[in-house]
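A quick write-up on the structure given underneath.
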4 protein chains.
Amino acid sequence: MDRADPESAIAAAAARCSNAGRWGADDVLGTLNFLSEDNRVEGARQVRRGTVFSLSQRFDTHGPQHGWRRRTNPVHTMLDTGLDAARGQGFPHGLGGADDVVFMPLQCSTQWDGLGHIFDHGTAYNRRRAEEVVTSEGDQVTGMETAAAHIAGRGVLLDVGRVFGDEGELPDGFAVTTELLERTAAAHGVTVGRGDLLCVRTGRLTRARREGWGSYAGGPAPGLSFTTAEWLHDTEIAAIATDTWGFEVRPNEFDEAFQPLHQVAIPHIGLFIGEMWDLDELAADCAADGRFAFWLTAAPLPVTGAVGSPVNPLAVK
Amino acid sequence: MDRADPESAIAAAAARCSNAGRWGADDVLGTLNFLSEDNRVEGARQVRRGTVFSLSQRFDTHGPQHGWRRRTNPVHTMLDTGLDAARGQGFPHGLGGADDVVFMPLQCSTQWDGLGHIFDHGTAYNRRRAEEVVTSEGDQVTGMETAAAHIAGRGVLLDVGRVFGDEGELPDGFAVTTELLERTAAAHGVTVGRGDLLCVRTGRLTRARREGWGSYAGGPAPGLSFTTAEWLHDTEIAAIATDTWGFEVRPNEFDEAFQPLHQVAIPHIGLFIGEMWDLDELAADCAADGRFAFWLTAAPLPVTGAVGSPVNPLAVK
Amino acid sequence: MDRADPESAIAAAAARCSNAGRWGADDVLGTLNFLSEDNRVEGARQVRRGTVFSLSQRFDTHGPQHGWRRRTNPVHTMLDTGLDAARGQGFPHGLGGADDVVFMPLQCSTQWDGLGHIFDHGTAYNRRRAEEVVTSEGDQVTGMETAAAHIAGRGVLLDVGRVFGDEGELPDGFAVTTELLERTAAAHGVTVGRGDLLCVRTGRLTRARREGWGSYAGGPAPGLSFTTAEWLHDTEIAAIATDTWGFEVRPNEFDEAFQPLHQVAIPHIGLFIGEMWDLDELAADCAADGRFAFWLTAAPLPVTGAVGSPVNPLAVK
Amino acid sequence: MDRADPESAIAAAAARCSNAGRWGADDVLGTLNFLSEDNRVEGARQVRRGTVFSLSQRFDTHGPQHGWRRRTNPVHTMLDTGLDAARGQGFPHGLGGADDVVFMPLQCSTQWDGLGHIFDHGTAYNRRRAEEVVTSEGDQVTGMETAAAHIAGRGVLLDVGRVFGDEGELPDGFAVTTELLERTAAAHGVTVGRGDLLCVRTGRLTRARREGWGSYAGGPAPGLSFTTAEWLHDTEIAAIATDTWGFEVRPNEFDEAFQPLHQVAIPHIGLFIGEMWDLDELAADCAADGRFAFWLTAAPLPVTGAVGSPVNPLAVK
């Protein structure tokens, strides 16, 4: 990787890793195509104890967002409360009710990037033109509703933070390379392959939980190296998720760049990327029992035309 | 049931079915306490083929809401689009991105009622005072975040519409009684018991899909009879969901009433109620293979303090 | 006007009435340039009694919108209420407070169209390219903030409904022509000229107030004839406002068309258009005292980059 | 004023300054009752040159709010853009359009506090119970819509910053006393009296403009001393507005307190308070021509039930 020539590096990786056309010109699922019914059967076999873990952060006014590109924290307001109910709301026979509403960017907290989220030189997934895919009315082709009934299968955790970090946490700017991913899998005694839903823990959220949000949303962070593009492509995983804001290492590894691995992974590989997942409790359990595979569902909200989606992923062991 | 004396009927059912105190004074989970790890293991055993079904309607501007108590359809807007990306957004090396935001009532489409959603004479679940539980800052006790890591287990479908309806659809005002629930279970060869996540299909959504929304949100509908309160309590199910707006039959069975079964089910039984679920595709599959039990996850979005939550439930067979 | 050839009619009117370049290539004010300090002095002279009239409808959940192009009614929710204050909010010495938030389309009720609201064949006001002016980040050139300090001057009411309608109301589809505008002015004994803020009452809102909203937002209505384009240009008025949803007559006068007068008025004349103004109380007063000129302020909210703005216009006589 | 006994000081001021009942039990206007038609005639006489000044800050994503009590900056998003129009939106004959939506706290930028905004020991304006006035459905009595047609009259600027500040700016914590207000009026050669709309400039916004927002919203600031309550009452002004977030001096003058002058001014005096007004350009003009009275309109948006309102005040000289 030539740090001084990101354009060429991105173009080369895009060419090497493209899944464009692989599942036909009409495909809207990208790497979710790898997630077969057999994967789900295999995933369900991972349920031994019946223990469940939510991998979601809270959707909270006091979350990590600080307004970059108008990404704010959710604002949750009440339409009716228990105080109104106690005072009387006009319902018969003592019925009272509370109701609520939320305003939130779809990427404000634990979320999926949809295939319409990132473009490379105006190209969206499957060689579509960005401007034909995502207009002001939303993603006309690969909106989140198209992924509503897919993301349930075998989850695998690679706890790179625990294996290579200092007290479980990788430092900001730490690039997780293919070699480290593979050594982590070996240390865990787990394999990563076709159709898997891969979770990579860096420990960044653990630190934010201890130190406060700081620049968790958008600042320096450990994360995947740009050089993992081939591995992400070749393993044929169905999706990947991390405990960081942006999945890839920040600052990025080129002298001047912004999220170059996204630029390959989404429009070319067609990879579903999960961000800001909370992997800590699951990771502690995996470390304790030595089993790093589990059943995972992470169903996006089918907001019509959405390019991202809040999600509460559930892992079951 | 004396149709002319709803107050007494509600009070009697509340007394008969109360789970208040059952799991301690601090309990926030209600019937989710029935959902054990063993239930999950049993639920995972239902995965045979690996086929997945989303039980969610879309979250769409053209949804069923028409503003009752300020419940509107979601409004999804873009922060950046493919057109902006094609024009140039100032990112280096050809990166482009789309982002989005949503404004929505938390009960606008497929959802869970939280335990803070309904009160009986100012009493919330577990004998709490409504005004102590849900203020303008949200549900301080039983907010949806407390239910984040629970709702995964054995799902059971009772397709009452298919068994007793005309071409699969029950008419508006049709009260689904305990007897009909049990006869449906018998017809399906399935049992309903402790910890199950029960889905009841009436066919109301099937009709809305064919005829248009009309008064789907809030109008007449088939649904559970008030008299099922005891059965809902005694079966010790963990949750129930239907394909209707309001779970119980509308018009309600008393001369003057508004959602009296809610008034017993939520604050007294502590029951999690799912509404506006799309059970049609799953139901067709169950009818085809004769298997009405499956794995089900229905993870609410952990919006801090929320009294309801949008959800994309996934059933796997 | 050839009803069968709207393209040519629009093009001809656009060429005839264009103010592009009139105030320089950088101009962002359009017809507000006509509103001089002398106009304001003359306007202030109209204040005789000191009586004030709000020309705004309420911004209300129960307003006229029904979701066309995602235009909903405003949703107003509370962050804190008097009930919370009565219960205690943690402030010292008995202080309590209520706070609120609104979600609303900027054209949901009484409003101004900004110059970035309408384009003709991709051209915005002052021969700019639409795609250079209004991106997903808003109007980069003619955003409402640029009009913040202008709209105060001499207002004139032409109550066409009162002069030519049946009991003060023109029927749907009634085209208000230049001749009718001039005859109304003559009947009122008022002149319309350079820099004036012109209000035209049709009586459509009066009817909605009596009959309910119906299709007030977007349906048939009386309004200005396409043929008034020249008069709107030649009078050199600073702005025009009506009591209808769309200012021009609906259905439009061509066999197939959508708001063709907008297409000339905004991008070519650079005219500020107010819609859904409530002129009834003012009109009654003008009819009573025979004075149809007054002081008018109608200050748009300077939402950065907005292409429209809610407004509460105040007329003072 | 006993700094150690705020309870007594507040109670004494409240008793001394109460206007409760002054305009009848049904009154919803408070000090706006002082603003007579004669005041408006006198105000209009101040228009000499026809120069207009907007006293509004922008409503902008990059505004001063940082989430205190869920007060965020406005989020403005587009429903349609010029890019969509250039691509084609399905309208006939080349028409294109842009539309937009905003989500904002009603007190996010330049605004009016409504009479339902602050309570004293559960009492709202005119001896009403807070919980009877402002519920989750909004202010049922003194909602902003009731003030829609009033706030136009004679404005007066007291530029305390210019008279007593260092280079026009008072420091944080600087309490503007009655004596200083009167000496400023004397220095300006202007009187303040019944029905006036009073603007007090401290220079705090000038500093924020130079240094960045910092803690402009909610932090230390110059402002009115608690001891001005009597003057605010006795002058019989119709409203007051400042260039600060909170109108009164911060930190407040008691050892422990939060906005004690609000607690007297709103529920007892019934005073309309404007905050975050931009008085700089107007102030420069007043200093230049020596005239500190002007015509002022500051029409709140009539959002039904609102306890505050964004506003774009226009001063005309």
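The figures follow:
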| quantity | calculated |
| --- | --- |
| Residues (among the β-branched types (V, I, T) and open to solvent by less than 20 Å² (accessible area, probe 1.4 Å)) located in segment D:169-180 | D:V176 |
| B:D234 being farther than 21 Å from B:G168 by Cα, at pLDDT below 95 and not hydrophobic (A, V, I, L, M, F, W, C) | no |
| Residue in segment C:29-71 that is nearest to the chain's Cα centre (by Cα), counting only those that are β-branched (V, I, T) and either open to solvent by 30 Å² or more (accessible area, probe 1.4 Å) or facing chain D (nearest Cβ under 8 Å) (or both) | C:V52 |
| Enumeration of residues in segment B:36-93 that are touching a strand residue (DSSP E or B) at 6+ places or on another chain (Cβ under 9 Å) and of a type in the set (D, E) | B:E37, B:E42, B:D60, B:D80, B:D84 |
| Some residue of segment A:136-145 being at the interface with another protein chain (Cβ under 7 Å from one of its Cβ atoms), out of contact with any Gly (no Cβ under 7 Å at 6 or more places or on another chain) and part of a loop (DSSP other than H, G, I, E, B) | yes |
| Exclusive hit being in contact with a Lys or Arg (Cβ under 8 Å, 6 or more places away or on another chain), within 29 Å of B:R16 (Cα to Cα) and of a type outside the set (A, V, I, L, M, F, W, C), set B:T228, B:T235 | B:T235 |
| Residue that is more than 21 Å from the chain's Cα centre (by Cα) and at the interface with chain D (Cβ under 7 Å from one of its Cβ atoms), where the choices are C:P74, C:P105, C:P92 | C:P92 |
| Residue match in segment A:145-160 (condition: in contact with a strand residue (DSSP E or B) (Cβ under 9 Å, 6 or more places away or on another chain) and of a type in the set (K, R)) | yes |
| Set B:S18, B:S109, B:S54: member being assigned by TED's automatic domain parsing to the domain that holds B:A147, in contact with a His (Cβ under 6 Å, 6 or more places away or on another chain) and not hydrophobic (A, V, I, L, M, F, W, C) | B:S18 |
| Tally, over segment A:159-168, of residues that are open to solvent by 10 Å² or more (accessible area, probe 1.4 Å) and not in a loop (DSSP other than H, G, I, E, B) | 4 |
| Filtered residue count, segment C:123-134, keeping only those that are within 22 Å of A:T135 (Cα to Cα) and either open to solvent by 10 Å² or more (accessible area, probe 1.4 Å) or not assigned by TED's automatic domain parsing to the domain that holds C:A25 (or both) | 5 |
| Filter result for A:T297 (more than 13 Å from chain B (Cβ to nearest Cβ) and of a type in the set (S, T, N, Q)) | no |
| The one condition in (1) in a strand (DSSP E or B); (2) facing another protein chain (nearest Cβ under 9 Å) that D:V156 fails to fulfil | (2) |
| In segment A:113-134, residue farthest from the other protein chains (Cβ to nearest Cβ) [restricted to those that are in contact with a Leu (Cβ under 9 Å, 6 or more places away or on another chain) and assigned to a strand (DSSP E or B)] | A:D113 |
| Single match in D:R183, D:R210 (criterion: in contact with a helix residue (DSSP H, G or I) (Cβ under 8 Å, 6 or more places away or on another chain), assigned to a helix (DSSP H, G or I) and either without any contact (Cβ under 8 Å) to a residue 60 or more places away in the chain or open to solvent by 10 Å² or more (accessible area, probe 1.4 Å) (or both)) | D:R183 |
| Test set (1) closer than 22 Å to B:V316 by Cβ; (2) in contact with a Gly (Cβ under 6 Å, 6 or more places away or on another chain) - B:G165 fails condition number | (1) |
| Test for A:A149: is it at the interface with chain B (Cβ under 8 Å from one of its Cβ atoms), open to solvent by 10 Å² or more (accessible area, probe 1.4 Å) and out of contact with any Cys (no Cβ under 8 Å at 6 or more places or on another chain) | yes |
| Qualifying residue in segment D:196-207 (condition: assigned by TED's automatic domain parsing to the domain that holds D:F53, in contact (Cβ under 8 Å) with a residue 60 or more places away in the chain, open to solvent by 40 Å² or more (accessible area, probe 1.4 Å) and closer than 20 Å to D:E230 by Cα) | no |
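Results for (1) under 13 Å from the mean Cα position of the chain (by Cα); (2) basic (K, R); (3) over 13 Å from A:L55 (Cα atoms), shown as yes or no for each residue.
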| site | (1), (2), (3) |
| --- | --- |
| A:A239 | yes, no, yes |
| A:T244 | yes, no, no |
| A:P251 | no, no, yes |
| A:A257 | no, no, yes |
| A:H262 | yes, no, yes |
| A:I273 | yes, no, yes |
| A:D280 | no, no, no |
| A:G290 | no, no, yes |
| A:G308 | yes, no, yes |
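The values are calculated or read from the model by the stated rules, or taken from the named source; none is laboratory data. Nothing here was measured: the structure is a model prediction, and the numbers come from that model. All Cβ positions, even for glycine, are placed from backbone atoms using ideal geometry, and neighbour counts span all protein chains on display. Protein only, heavy atoms only, side chains kept; ligands, DNA and RNA dropped before computing areas. Shrake-Rupley method; radii C 1.70, N 1.55, O 1.52, S 1.80 Å.
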